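A.B. asks: This structure is in structure tokens; I'll ask about it shortly.
The values are calculated or read from the model by the stated rules, or taken from the named source; none is laboratory data. None of these values were measured; they are calculated from a predicted model. Cβ sites come from the backbone with ideal geometry, for glycine too, and all protein chains shown count toward neighbours. These area figures cover heavy atoms from the full protein model, side chains too; ligands, DNA and RNA do not enter into them. Shrake-Rupley method; radii C 1.70, N 1.55, O 1.52, S 1.80 Å.
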Amino acid sequence: MITLPVTNPKKHSRKFNDISHYKKQARYHLLPFRFISLNNTREVLVNELGDFLLVDKGTAERIVKHEIDSVNDLELYADLSADFFISDSSIPYLIEVMATRYRTKKSFLDHFTALHIFVITLRCEHTCHYCQVSRVSEDKNSFDMHRAHIDSGIALMMQSPNPHVTMEFQGGEALLAFDQIVYAVKKASDDAFQIGKQITFVICTNLAPVTREMLLFCKEHNIIISTSLDGPEFIHNSNRHKKGNDSYSLALNGIALCREILGNDGVSALTTTSALSLAYPNEIVQEYIDRGFNSIFLRPISPYGFATKNAKKNKYDTQLFLDFYKKGLAKIIDYNLEGNFFREDYASIILKKILSPFPVGYVDLQSPAGLINNVIVFNYDGHIYASDEARMLAEMKDYTFQLGHLNTANYNDIFYGDKAMEFLNAGINEALPGCSDCAFQPYCGADPVQSYTTQGNLIGHRPSSVFCHKNMNIIRHLFELIDSDKRILNVFHSWIRN
Ligand code: SF4
């Protein structure tokens, strides 16, 4: 006779247990994430990979207290699990996926320095009151970069592990030394061809001295033009002083000529926000729309160079810039909601970090910081600096960020030397006080040069930092917009796709 085991009728019941039973089961493990309030009712959770969830205020506290359960909070629980905020096991089953995604986010580091800035001359025919470089009058040939230094700069650029580098010519007014640019482009093209390296060439210019012949050379060598347009004529001419007060018309004529010869994508423009600009966000955006651009970069003035000497016109509270920025952004969003495409570039850089899994190698907003990792500057006099801002600081006689000289430069000393290590140690926001527990850390960056310039040391102090104040507010504002209207989220997606 076979004896059947005694069965427990309760164990095999198909009846649901009382809810308290499942509450006890609501055991999950916390994965690293941070959170921040957006307003009185909403907060945003951000994990180590930059994934985010917009939730009701108090949710982070409930998660941490293990009060979220898979029955009463079914949707939230699923989102938290799928987006790597919590895990059913102490080591997530998909930890390899998490590792791959983290590596992808940081893959801008894979190839090391891309942007090589050659300050080809310090001469300029403008006397802009906010100019970050201390310019000299245009007839001083001694302020052009020597060919030996151009050769040394190109030799260092060729040693970059990055297979695709950018060679950017800046000034002063770079076109005043066009013969040096021609020499540099030909030499760099030949050298790059020998070793199979790709180069993108960019000339930053106010376009006042541009000629048809210059642009034909640019077309032949696929050189991109980056110019400046500060808004309508009265703003542009007021910001960009020049004999004859014709900077605006010269810029527009130059842009038209660039488009004729290089095509519409061959020229882009940047705006700089002076104290005068602050009252005219809508007019400045409209100027860019009217001139046929499909984007604008609303930038504040950098706290370097001549900008600091003319405080009345250039120094303003960050909050005033933020008010200006938000008004300009609102106009841009409205224009998009009417069925047009027009992008704000700073928002687009941050949105790409928020809404996509891909890396963004934008020098001013990355961790580790962009200086040296992503950009190096060869000054007209042969000195080498860690970033564009670092050489502007040198124009104010502060040489803290000077890395060496092209006469004696050795790649390892410049890029991996003690100074480089010291600067980069201060440029990792995951480890900076204030940033290390900030929810916006994956979208933000670190700027040791600005910390040093405005606060006196490389590490900086976040509660009183202009960099932090600006980025904290802009990132929070973007999340509020994402949370407010699905149509705005669609607009933002269109910006990062294009
Ligand atoms: S700078 Fe400010 S906003 Fe940016 S990560 Fe640090 S604390 Fe956050």
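A.B. asks: Restricting to region 211-248, count the residues that are in a helix (DSSP H, G or I) and open to solvent by less than 50 Å² (accessible area, probe 1.4 Å).
C.D. replies: Final tally of qualifying residues: 11.
A.B. asks: Can you list residue pairs whose Cβ atoms sit under 8 Å apart, with the first residue in region 205-224 being more than 17 Å from TYR183 (Cβ to Cβ) and polar (S, T, N, Q) and the second being part of a helix (DSSP H, G or I) and open to solvent by 40 Å² or more (accessible area, probe 1.4 Å)? Count only pairs 6 or more apart in sequence or on different chains.
C.D. replies: Hits for this filter: ASN206/LEU250.
A.B. asks: Okay, next question. Give region 474-492 a look and list any residue that's more than 16 Å from the ligand (Cβ to nearest atom) and open to solvent by 60 Å² or more (accessible area, probe 1.4 Å), or say none. Please lay out each step first, then the result.
C.D. replies: Of region 474-492, the ones more than 16 Å from the ligand (Cβ to nearest atom) are 481-492.
Selection gives SER484, LYS486, ARG487, ASN490.
A.B. asks: Regarding region 198-210, can at least one residue be identified that is part of a helix (DSSP H, G or I) and out of contact with any helix residue (DSSP H, G or I) (no Cβ under 6 Å at 6 or more places or on another chain)?
C.D. replies: no
A.B. asks: State yes or no: is ASP437 closer than 22 Å to LYS106 by Cβ, near the ligand (Cβ under 9 Å from one of its atoms) and surrounded by fewer than 21 Cβ atoms within 10 Å (Cβ to Cβ)? Working first, answer last.
C.D. replies: Details: closer than 22 Å to LYS106 by Cβ: yes; near the ligand (Cβ under 9 Å from one of its atoms): yes; surrounded by fewer than 21 Cβ atoms within 10 Å (Cβ to Cβ): yes.
Considered against the rule, which asks whether it is closer than 22 Å to LYS106 by Cβ, near the ligand (Cβ under 9 Å from one of its atoms) and surrounded by fewer than 21 Cβ atoms within 10 Å (Cβ to Cβ), ASP437 comes out as yes.
A.B. asks: Further, regarding this structure: Just name the residue that is surrounded by the most Cβ atoms within 10 Å (Cβ to Cβ) out of those in region 400-418 that are of a type in the set (Ser, Thr, Tyr) and touching a residue at least 12 places away in the same chain (Cβ under 8 Å).
C.D. replies: THR400
A.B. asks: Within region 460-473, does at least one residue satisfy the condition of being outside any helix (DSSP H, G or I), more than 10 Å from the ligand (Cβ to nearest atom) and open to solvent by 30 Å² or more (accessible area, probe 1.4 Å)?
C.D. replies: First pass over region 460-473, keeping only residues outside any helix (DSSP H, G or I): 460-461, 465.
Right, trim to more than 10 Å from the ligand (Cβ to nearest atom) and you get 461.
With the extra rule that they be open to solvent by 30 Å² or more (accessible area, probe 1.4 Å), the set shrinks to 461.
Scanning region 460-473 turns up at least one residue that is outside any helix (DSSP H, G or I), more than 10 Å from the ligand (Cβ to nearest atom) and open to solvent by 30 Å² or more (accessible area, probe 1.4 Å).
A.B. asks: Across region 419-440, what is the number of residues that are assigned to a helix (DSSP H, G or I) and free of Cβ contacts under 8 Å to residues at least 40 places away in the same chain? Outline the logic, then answer.
C.D. replies: To start, the set of residues in region 419-440 that are assigned to a helix (DSSP H, G or I) comprises 419-425, 429-431.
So of that shortlist, the ones also free of Cβ contacts under 8 Å to residues at least 40 places away in the same chain come out as 419, 421-422, 425, 431.
Number of matching residues: 5.
A.B. asks: Same structure, new question: Take region 385-395 and flag every residue that is touching a Lys or Arg at 6+ places or on another chain (Cβ under 9 Å) and either part of a strand (DSSP E or B) or surrounded by fewer than 21 Cβ atoms within 10 Å (Cβ to Cβ) (or both).
C.D. replies: Matches in region 385-395: TYR385 only.
A.B. asks: Among the residues of region 335-372, how many are more than 17 Å from THR104 (Cα to Cα), in contact with a Phe, Trp or Tyr (Cβ under 6 Å, 6 or more places away or on another chain), open to solvent by 20 Å² or more (accessible area, probe 1.4 Å) and part of a helix (DSSP H, G or I)?
C.D. replies: Number of matching residues: 2.
A.B. asks: Further question: What's the total number of residues in region 453-482 that are under 22 Å from ASP388 (Cβ atoms) and of a type outside the set (A, V, I, L, M, F, W, C)?
C.D. replies: Residues in region 453-482 being under 22 Å from ASP388 (Cβ atoms) and of a type outside the set (A, V, I, L, M, F, W, C): 10 in total.
A.B. asks: While we're here: Scan region 266-317 for residues that are in a helix (DSSP H, G or I), open to solvent by 20 Å² or more (accessible area, probe 1.4 Å) and at pLDDT 75 or above and report the count.
C.D. replies: If we filter region 266-317 for residues that are in a helix (DSSP H, G or I), which is where we start, we get 266, 277-279, 281-290, 306-309, 311-314.
This time we only want the ones that are open to solvent by 20 Å² or more (accessible area, probe 1.4 Å), so: 278-279, 282-283, 286, 289-290, 306, 308-309, 311-313.
From what's left, at pLDDT 75 or above: 278-279, 282-283, 286, 289-290.
Residues in region 266-317 being in a helix (DSSP H, G or I), open to solvent by 20 Å² or more (accessible area, probe 1.4 Å) and at pLDDT 75 or above: 7 in total.
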